[in-house]
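See structure below.
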Amino acid sequence: MTTTTAAHDDHDHHGPAKGIMRWVLTTNHKDIGTMYLWFSFIMLLTGGVMALIIRAELFQPGMQLIEPEFFNQMTTMHGLIMVFGAIMPAFVGLANWMVPMMVGAPDMALPRMNNLSFWILPFAFGMLLLTLFSEAGAPNFGWTFYAPLSTTYAPSSVTYFIFGVHLMGISSIMGAINIVATILNMRAPGMTYMKMPLFVWTWFITAYLLIAVMPVLAGVVTMMLMDIHFGTSFFNAAGGGDPVLFQHLFWFFGHPEVYIMILPAFGIVSHIIPTFSRKPLFGYSSMVYATASIAFLSFIVWAHHMFTVGLPLVTELFFMYATMVIAIPTGVKVFNWVSTMFQGSLTFETPMLFAIAFVILFTIGGFSGLMLASAPADFQYHDTYFVVAHFHYVLVPGALFAIIAGVYFWLPKWCGNYYDEFLGKLHFWLSFIGVNITFFPMHFIGLAGMPRRIPDYALQFADFNAVASVGAFIFGFSQLLFLYIVIKTIRSGKQATPEVWEGADGLEWTLPSPAPYHSFSEPPQVK
Amino acid sequence: MKIRTWLSLSSIALLLSLSSIVKAEWGVNMTEGVTEISQSIYDLHMLIFWICVGIGVVVFGVMFYVMFKHRKSKGAVAAQFDESVTLEWLWTVIPTIILIAMAVPATKTLVEMYDASDAQVDIKITGYQWKWQYDYLGEDVSFFSNLSTSRDAVYNKEEKGENYLLEVDKEVVIPTGQKVRFLITSNDVIHAWWVPEFAVKKDAIPGYVNESWVNVPVGQEGVYRGQCAELCGVDHGFMPIVVRAVSQSDYANWLDEQRAEKEAAALAALGDYSFDELMTTGAEVYAGRCAACHGQNGEGMGSMFPPMVGSDIVLNDVDKHIDILINGVAGSAMQSFAEQLTDVEIAAVITYERNAWGNDTGDIVTPRDIIDARQ
């Protein structure tokens, strides 16, 4: 067995196959990582177009462009596509590219499963998107799909949605298992756990979160499926079921899910800030412990999404305190990043700009999160644009900025060329300004009392909605510049050195640029 | 060049929208509301807000100092320290103390909010797609409250009024100076009953009865507006809440009026109505209650909401037509209108549907037919 495998492997060492079948059949971590990243970028644009449709309708009070029913389909699909189609696959793509290089491995531990876990995704999202063209229309019950709106009262496309969620879940679990297997088994000699780069650490923890909570999501959509088609009443009060049970299950998945979307971002930023400060990361071990604490806490705070459902007083207090505690490890991370920059020798290339914006704007999202944690005040914030502002601050200038920062940071390593620094900085400033014009006013309209997910609003909310819509178009169209920069870098550009950046540190920078098809064929030694 | 043109265009657009803000009324913060609870929530909100501002000033201040001072272009040489146990302890312990300082007043307020005991007035609130029912327990007063903004205003065919989307056909009336308890539930999907000035927001969940309460101080009589806060389907944005707080004597008079109106409506059902009278009333009822789903001209909407025009039930089966209005259709968005409309209104809207938009059946359904069908 061993000999045949080895003999078979020999054929592969000539490099990638040619044509379309290279991408269909590939088991190479770089090819798969590339496909994940392109897929998530297409989804980002798709979900982005939906966001722009929403913002265009909300530019003025009254219904101008679309009907309320289609508006609900847009908010639902925008959320689902951005969470499951854009942010999560982008992080998996980055993990595919970087984890083997960072731990000194030739490839991922389970390359065939890697291929499968990617190729499920286009089908899952193709099916979800096709519901837009069905007679019943796409899912229209919000990305949180609360029962019974998503069961008894759902359009018939909900069945396709459930199947799509199952597929995404399978893909995520396989991706996570692969990352865990790679990290556990394929680290270079000498790389102990406490020597692992932070991106590897944060993904290691994220992968466990995925394995723990994706089955819960699968369970909850299966219960919906049973309610819709097989006459059960899990979430139907008239049949003895419980609509609140849905929310408990959903958020038991949903809260760890939001950390799944931010922990790898912490990892990326923890590489970029030391590099461009030319100084080691401050408090490495406390960063690792803080990540682990956040992951642990993420399992015991879910009901802070449910403060207004009528939980008993003691339950509310528990979830309020537990949620507030998350501020401590998150604060530790922010303080560590600032201390890393302190007395460094700073330069501000595009990845650094995005990383600094991440720290500042994510912290603002953290502040509004702290405000939301206060249960009494949450009765005023809940389900308003204040919440919309909060989670977009942590997801767009949070998770998305970190992903973009990571792409700029590693792009020279991936394709051997430097990107155009001027265009990169232009992209940063347009994004930075656009994102703040879009989401900052949402704090105001939320506090002033505008509920979320409404297609039309009272006149006092008109001005800031108009501002937010202008910002959304600036931000949205700036991302086309990103596309242009990436394509330009792939085609040409200044030849990158192996180190790429002056302050670079880690195994990935010892490989030539572009990195060889099979990363490390000989395990490197880590001192 | 192109980028520059585009940039200047978007900045002009931004300036234009900013200048309109200056003219308009600024609503940028949470309302202080009118009750003790809403005031303490506002205070909590501001406390946390200023704490966050303080932390932000320190953290971002240090960051900007570093970005300015420790630049490589200014000749900064990187120090190589990477750990300080003292610092790590410090920035764990200080935030903990701040959090405790936030949690203590929050706990106190939450305990008060949860104390719905000794209420003097009990109002059961039931959410429907997409309206609210108010039931004054023990008072024999019950009614539905619908959005009264016209569809024409929504679709920009007529001017939007001051309370656009925040006005209803029948306000819920509560007395000031008394503890009013709300018992909140739902008939279909989850809704949330929210009046910002009372700081009352509670989900209306089928199968659950949630509690909340308000005590509007004497002297704060007035109209308070809110909206459904939980996505509940296509017209989620169109089910507002309007509460009128009145003095206790006005409240007692209002209750008497409601009971008198109900008796008058029961008597009216026994009267005789001409075809034209029924058609006129029917058109009004249809526009207010039916058009949102079945279309302004009976054309229906999507696969969920069937058309009225040419429908077999509307053209032929009058008994089934009445039955659907009175009992609703199980497992669909079509509710029972038995409690929502009077006998006259149900008769009128059925007559209207059977004779409008080319459905010229010539059928007349009288209020007496409805009384019979109810039995």
Checklist entry - Which condition number does A:Ala90 fail, the rest of (1) at pLDDT 95 or above; (2) in contact with an Asp or Glu (Cβ under 8 Å, 6 or more places away or on another chain); (3) not β-branched (Val, Ile, Thr) being met? => result (2)
Next on the checklist: For segment A:459-482: of the residues being facing chain B (nearest Cβ under 7 Å) and farther than 19 Å from A:Tyr393 by Cα, which is surrounded by the fewest Cβ atoms within 10 Å (Cβ to Cβ)?
Outcome noted: A:Leu459
Checklist entry - Which is in a loop (DSSP other than H, G, I, E, B) and of a type outside the set (Val, Ile, Thr), of B:Asp152, B:Asp115? => result B:Asp115
Next on the checklist: Which count do you get for residues in segment A:198-233 that are outside any helix (DSSP H, G or I) and of a type in the set (A, V, I, L, M, F, W, C)?
Outcome noted: 1
Checklist outcome for this item: Per the list (1) more than 7 Å from chain A (Cβ to nearest Cβ); (2) surrounded by 23 or more Cβ atoms within 10 Å (Cβ to Cβ), residue check on B:Gln227 breaks on (1)
Checklist entry - In segment A:411-428, what count of residues is obtained for those that are of a type outside the set (Phe, Trp, Tyr) and outside any helix (DSSP H, G or I)? => result 3
Checklist entry - Which members of segment A:500-523 meet the condition of being touching a residue at least 40 places away in the same chain (Cβ under 8 Å) and among the β-branched types (Val, Ile, Thr)? => result A:Val500
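Condition check ((1) touching a residue at least 12 places away in the same chain (Cβ under 8 Å); (2) in a loop (DSSP other than H, G, I, E, B); (3) in contact with a Lys or Arg (Cβ under 7 Å, 6 or more places away or on another chain); (4) surrounded by fewer than 22 Cβ atoms within 10 Å (Cβ to Cβ)) across all residues:
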{"residue": "A:Ala290", "(1), (2), (3), (4)": "yes, no, yes, no"}
{"residue": "A:Ile294", "(1), (2), (3), (4)": "yes, no, no, no"}
{"residue": "A:Leu297", "(1), (2), (3), (4)": "yes, no, no, yes"}
{"residue": "A:Thr340", "(1), (2), (3), (4)": "yes, no, yes, no"}
{"residue": "A:Gly344", "(1), (2), (3), (4)": "yes, yes, yes, no"}
{"residue": "A:Phe358", "(1), (2), (3), (4)": "yes, no, no, no"}
{"residue": "A:Ile364", "(1), (2), (3), (4)": "yes, no, no, no"}
{"residue": "A:Leu370", "(1), (2), (3), (4)": "yes, no, no, no"}
Item to check | Meets criteria (more than 7 Å from every other protein chain (Cβ to nearest Cβ), over 13 Å from A:Phe266 (Cα atoms) and touching a His at 6+ places or on another chain (Cβ under 8 Å)) for A:Thr340 | outcome: no
Item to check | Hits in segment B:75-107 - residues which are without any contact (Cβ under 8 Å) to a residue 12 or more places away in the chain, at the interface with another protein chain (Cβ under 9 Å from one of its Cβ atoms) and under 30 Å from B:Ile184 (Cβ atoms) | outcome: B:Ala103, B:Thr107
Item to check | Evaluation of A:Gly503 against (1) outside any helix (DSSP H, G or I); (2) closer than 30 Å to A:Ile66 by Cα (one fails), failing number | outcome: (2)
Checklist entry - Given (1) at pLDDT 95 or above; (2) surrounded by 18 or more Cβ atoms within 10 Å (Cβ to Cβ), where does A:Ala56 come up short, assuming only one miss? => result (2)
Next on the checklist: Residues that are part of a loop (DSSP other than H, G, I, E, B), charged (D, E, K, R), in contact with a strand residue (DSSP E or B) (Cβ under 7 Å, 6 or more places away or on another chain) and surrounded by fewer than 18 Cβ atoms within 10 Å (Cβ to Cβ): does segment B:175-196 have at least one?
Outcome noted: yes
Next on the checklist: For segment A:415-436, which positions are buried (at least 20 other Cβ atoms within 10 Å of the Cβ), within 25 Å of A:Val83 (Cβ to Cβ) and of a type outside the set (A, V, I, L, M)?
Outcome noted: A:His427, A:Phe428, A:Ser431, A:Phe432, A:Gly434
Next on the checklist: Can you go through A:Tyr146, A:Tyr153 and tell me which one is over 23 Å from the mean Cα position of the chain (by Cα) and in a loop (DSSP other than H, G, I, E, B)?
Outcome noted: A:Tyr153
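The values are calculated or read from the model by the stated rules, or taken from the named source; none is laboratory data. Keep in mind that what you see is a predicted model, and the values were worked out from it rather than measured. Cβ: placed from backbone, ideal geometry, glycine included. Neighbour counts: every protein chain shown.
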